[in-house]
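Before any comments, here is the structure.
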Amino acid sequence: MMSHGPCKLSDWKYYPLDSRHLNKFKVRKLYSILCLLTVILALISLLYLKVDSLGHHWLQLNISWVQSGQNQHNSMPARTFLWNDTRLDILHMKKFHFDSRFKNPCWFEPLISPDPYQRNIFSSYSSAVKRSLEQMTLLWRKRLSYNVSSSYRLRCLPYFYIIGQPKSGSTDLFWRISRHPDVVTPPIKELHWWSRGRQGRQVGYSDLIPLENYIDMFDKVAFLIESRGSSQGSSSLPNPVITGEASVSLFWDNPDWYNYPENQHFLEPQYTNPDYIHHLLPDVKLILIVRNPTDRMYSDYLYFTETNKSAMNFHKAVVKATNLYNNCTRMRSVRECIYDEHLAMKSDSRLRLGLYSVYLDDWLRVFERNQILILRLEDYAVNKEDTMKNIFKFLKLRDLSSEKMKYILEKPIENQRSIYNQQYGNMLPETRKLLDDYFSPFNKHFAELVNDQRFLWKDYR
């Protein structure tokens, strides 16, 4: 008689507990377990391949955000893993001895290999770089064929940088500078090596981009500089030809600062881009072009946002960003907040790029004020000739004839707002007021740093 207690396997008529059925049950159970284990192992393998393809640096950056013994509002990542690769240790690298026969920072070194660019990472993602290095390889092979034992090549680094800011006319400015007959340029204008490339960020952290790769970018430039010197004969004056680049991330972008040993255990970076640049190029000339940060942010939004663009959505993004940064600065320093990459990603916009004074403080801590030429896009737009003459004077370039200056000024404007983006019109009045109010104290500090009231932008509101 069937019991009224808990159900037992032996109570079921359709599954009598004999050895034949029990063996089938065990086989099915074992088969199910094996299938489950196979699926789990496959998923683990896929995950491992994904992590491995991105490199160990990417893994380090995605460690869970922890407090690291800091206050609860601190969102810096764990400092357990640090980048100790000597190729990243700029501050302890031996400084170059630049040849005084050149105005540009250049030096000679032995030419050993006919193909010194085999491991250049820049060529893997830029066709312009690849073509340039292929041309130089042919040239080096030819030079070595003449004299293997005593062949040299000239190496160079930039004489000047346009360090910022995005959506402030830097592209147009760079190409007008490059039209001066004593200026030659690398294959691409924005190498972003100091801010992103050397850490491997441009290649998904799969590898570092060493300094040697960056110097390679100026080998064709160096050849042109050397050729110009040969054409001058025995002139006692330094070769006047210079080069530069326009990585506008230099002024503000330090995404991996917390990974460096010199910044370990700090809530904000002790060393940023200007420190590293100054170590190797202490006399470099820096050009910073900025615009009203309110207008810059809207232009930035229209350029970088791919979908769902509108004045209203921009307003929502501004409200979110200003709230996030206001909340952050109630508990932390402004500098700590703007160098917090997690907060920047969370804000869904690039509000922090408009806090010019905070970044400029970092640059003026390292470089002399007379090494930095600071321009306003608003002035450049209405008076290009005076602006270009001012730049050429700053770079100590020779004066040009009216015909050559006309050639520079008549160049079509580069990278201006597209016709497509013009359909979105202006930002909402309430958005402009919100941003003007937010940026106002930073504009005031910036104007004080440069001793120029134009940077209050009272004439462009």
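Among P282, P269, P238, P274, which is the only one that is closer than 30 Å to L434 by Cβ and touching a Phe, Trp or Tyr at 6+ places or on another chain (Cβ under 9 Å)?
Values: P282 fails: closer than 30 Å to L434 by Cβ; P238 fails: closer than 30 Å to L434 by Cβ; P274 fails: closer than 30 Å to L434 by Cβ.
None of the others qualify; the one that does is P269.
Can you pull out every residue in the stretch 289-316 that is of a type outside the set (G, A, S), surrounded by fewer than 19 Cβ atoms within 10 Å (Cβ to Cβ) and out of contact with any Lys or Arg (no Cβ under 7 Å at 6 or more places or on another chain)?
Across the stretch 289-316, the qualifying residues are F304, T305, E306, T307, N308, K309, M312, N313, H315, K316.
Does H279 satisfy the condition of being over 27 Å from L373 (Cα atoms) and out of contact with any Asp or Glu (no Cβ under 9 Å at 6 or more places or on another chain)? Break it down stepwise before answering.
Numbers: over 27 Å from L373 (Cα atoms): no; out of contact with any Asp or Glu (no Cβ under 9 Å at 6 or more places or on another chain): yes.
No, not satisfied.
Name the single residue that is farthest from L302 (Cα to Cα) among those in the stretch 420-455 being assigned to a loop (DSSP other than H, G, I, E, B) and of a type outside the set (D, E, K, R). Write out each step before concluding.
Within the stretch 420-455, the subset assigned to a loop (DSSP other than H, G, I, E, B) is 423-428, 451-452.
Keeping just the survivors that are of a type outside the set (D, E, K, R) gives 423-428, 451.
On the way: Q423: 10, Y424: 8, G425: 10, N426: 11, M427: 10, L428: 14, N451: 32 Å.
Applying the filter and picking the extreme gives N451.
Report, by residue number, each residue of the stretch 384-414 that is at pLDDT below 95 and in a loop (DSSP other than H, G, I, E, B).
E410, K411, P412, I413, E414
Which residues, taken from the stretch 208-230, are out of contact with any strand residue (DSSP E or B) (no Cβ under 8 Å at 6 or more places or on another chain), closer than 20 Å to K142 by Cα and of a type in the set (D, E)?
D216
Take the stretch 317-333 and flag every residue that is surrounded by 19 or more Cβ atoms within 10 Å (Cβ to Cβ), touching a Cys at 6+ places or on another chain (Cβ under 9 Å) and over 23 Å from M427 (Cβ atoms).
Listed by number, the list holds a single entry, C328.
It is to be established whether one or more residues within the stretch 252-269 are of a type in the set (F, W, Y), at pLDDT 95 or above, crowded, with 20+ Cβ neighbours inside 10 Å and in a loop (DSSP other than H, G, I, E, B).
Within the stretch 252-269, one or more residues are of a type in the set (F, W, Y), at pLDDT 95 or above, crowded, with 20+ Cβ neighbours inside 10 Å and in a loop (DSSP other than H, G, I, E, B).
Looking at (1) in a loop (DSSP other than H, G, I, E, B); (2) touching a residue at least 60 places away in the same chain (Cβ under 8 Å); (3) more than 25 Å from F367 (Cα to Cα); (4) out of contact with any Ser or Thr (no Cβ under 7 Å at 6 or more places or on another chain), which one does S150 not meet, given that it meets all the others?
Among (1) in a loop (DSSP other than H, G, I, E, B); (2) touching a residue at least 60 places away in the same chain (Cβ under 8 Å); (3) more than 25 Å from F367 (Cα to Cα); (4) out of contact with any Ser or Thr (no Cβ under 7 Å at 6 or more places or on another chain), S150 violates only (2).
With the requirement that a residue be among the β-branched types (V, I, T) and either exposed (fewer than 12 other Cβ atoms within 10 Å of the Cβ) or in contact with a Ser or Thr (Cβ under 6 Å, 6 or more places away or on another chain) (or both), what does the stretch 113-147 give you? Working first, answer last.
If we filter the stretch 113-147 for residues that are among the β-branched types (V, I, T), which is where we start, we get 121, 129, 137.
Correct list: V129 only.
Can you confirm whether S247 is part of a loop (DSSP other than H, G, I, E, B) and modelled with pLDDT under 95? Full working, then the answer.
Values: part of a loop (DSSP other than H, G, I, E, B): yes; modelled with pLDDT under 95: no.
Taking the combined requirement at face value, the residue does not satisfy it.
Filter the stretch 92-147 down to the residues that are within 28 Å of R201 (Cβ to Cβ), of a type in the set (D, E, K, R) and part of a loop (DSSP other than H, G, I, E, B) and list them by number.
K94, K95, D115, R119
The values are calculated or read from the model by the stated rules, or taken from the named source; none is laboratory data. In this text the structure is predicted, and so the values were computed from the model without any measurement. Methodologically, a virtual Cβ is constructed for each residue, glycine included, from the backbone with ideal geometry; neighbour enumeration extends over all protein chains shown.
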